Amino acid sequence: MKALQYTAYGRSPVVNDVPEPAPGPGEVLVRVAGAALNPLDVKIGAGHVQEFFPITFPSTVGTDLAGTVERLGSGVTDWSVGDAVITRTDPTAGGAVAEFAVAPATSLVAAPAAIPLTTAAGLPTAAATAWQAVNETAELKSGQRVLVHAGAGGVGSFVIQLARRAGAHVVTTVSGAAAETVRKLGADEVIDYTRVDFRTAISDVDVVVDSVGGETEARSLDVLKPGGLLVSLPVPPDFARATARGLRAEFVFHASDAGRLAKVVAVVNEGFDIVVDRTVQLNGAADAFDYLAQGHAKGKVIVQP
Ligand SMILES: NC(=O)c1ccc[n+]([C@@H]2O[C@H](COP(=O)([O-])OP(=O)(O)OC[C@H]3O[C@@H](n4cnc5c(N)ncnc54)[C@H](OP(=O)(O)O)[C@@H]3O)[C@@H](O)[C@H]2O)c1
């Protein structure tokens, strides 16, 4: 089969011919309908997170996939051949961007019936991290004001929808034409961060969900109301700086959790938009990886093997 593989830290991945993986005890072989790329894949390939997620080369890229069950490993009784599933593999194992992938049976979740299977690949990391940020870390309440940075990004597009679902007033930062996309997702106010310093456009915010970091994180403290909460995704925030300002800060560390992903699937079945920047074939996967690495994707980048 063909798979997108890392060959060394710091090099763009390449498509290789590799043996089809075999499911071990408790595992399932999935025929991949779609595999979504995430910034974490880029960080793994660059070697930036090898302390947490070491890989050995060659190693197949990707954690997020949707597909159909092709074969069951011994002891698997909860799934049947042909079931439509989604999952997030362990980042150290990867393996998603390939024609076939193995995953622990306990990590699988029935794919949402309301959207195409290929598109459902966009959910596992981005939507479940958004769920964690909105519903578990921030516990957003009706009437609260939330600032969502990078509202058109993979995670941000889900944060907007989940925050609206919680009844929050949603303000988001994007650039250019993405304003229309995020309004359709339910954003109440949209700030073009390339034209306006968001600090001049909003104040008294209960929660900031920041998937940008750096200067954006530092400036976000200026718009929070006393006791307000900064929820950071790219790296752990400067906790001391927040505390010194009478604010709270939390880092979301997303760990795969089939129970949480099943809750995401339930809301997707109720009606939820998956913003897809592009869907490419495996022969375009390396270019798509390099595109995602530039940090300007509008929604999910999906590979369809
Ligand atoms: N902690 C965790 O467990 C966890 C889980 C998931 C993701 N993350 C992290 O969260 C971050 C975002 O992930 P993602 O999947 O959403 O990435 P993504 O889809 O690649 O985000 C791209 C988006 O960011 C926007 N953007 C870039 N700079 C911006 C700025 N200064 N202000 C506002 N928007 C800006 C871009 O808009 P423009 O094109 O307009 O610039 C683009 O739409 C990554 O660092 C990722 O590693 C962490």
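Every number here is computed from the coordinates shown, using simple stated rules; none is lab data. None of these values were measured; they are calculated from a predicted model. All Cβ positions, glycine included, derive from the backbone under ideal geometry; neighbour counts span all protein chains shown.
Within segment 174-216, can you find the residues that are free of Cβ contacts under 8 Å to residues at least 40 places away in the same chain and touching a Phe, Trp or Tyr at 6+ places or on another chain (Cβ under 9 Å)? Passing the criteria: Val174, Ser175, Ile191.
Residues in segment 243-260 that are free of Cβ contacts under 8 Å to residues at least 24 places away in the same chain and not in a loop (DSSP other than H, G, I, E, B) were compared, and the one that is farthest from the ligand (Cβ to nearest atom) is Ala244.
Where strands (runs of 3 or more DSSP E) fall entirely within segment 116-233, those with at least 2 residues that are polar (S, T, N, Q) are at 169-174.
Each row is one residue, and each column tells you yes or no for (1) within 15 Å of the ligand (Cβ to nearest atom); (2) aliphatic (A, V, I, L, M); (3) crowded, with 19+ Cβ neighbours inside 10 Å.
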| residue | (1), (2), (3) |
| --- | --- |
| Leu162 | yes, yes, yes |
| Arg165 | no, no, no |
| Val182 | yes, yes, yes |
| Asp192 | yes, no, no |
| Phe198 | yes, no, yes |
| Asp210 | yes, no, yes |
| Pro226 | no, no, no |
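With respect to the conditions (1) of a type in the set (Ser, Thr, Tyr); (2) surrounded by 18 or more Cβ atoms within 10 Å (Cβ to Cβ); (3) more than 13 Å from the ligand (Cβ to nearest atom), Ser203 falls short on a single one, namely (2).
Any residue in segment 270-290 that is assigned to a helix (DSSP H, G or I), within 15 Å of the ligand (Cβ to nearest atom), under 15 Å from the mean Cα position of the chain (by Cα) and buried (at least 22 other Cβ atoms within 10 Å of the Cβ)? The answer is yes, given that some residue of segment 270-290 is assigned to a helix (DSSP H, G or I), within 15 Å of the ligand (Cβ to nearest atom), under 15 Å from the mean Cα position of the chain (by Cα) and buried (at least 22 other Cβ atoms within 10 Å of the Cβ). With respect to the conditions (1) within 16 Å of the ligand (Cβ to nearest atom); (2) surrounded by fewer than 20 Cβ atoms within 10 Å (Cβ to Cβ); (3) in a helix (DSSP H, G or I), Ala240 falls short on a single one, namely (1).
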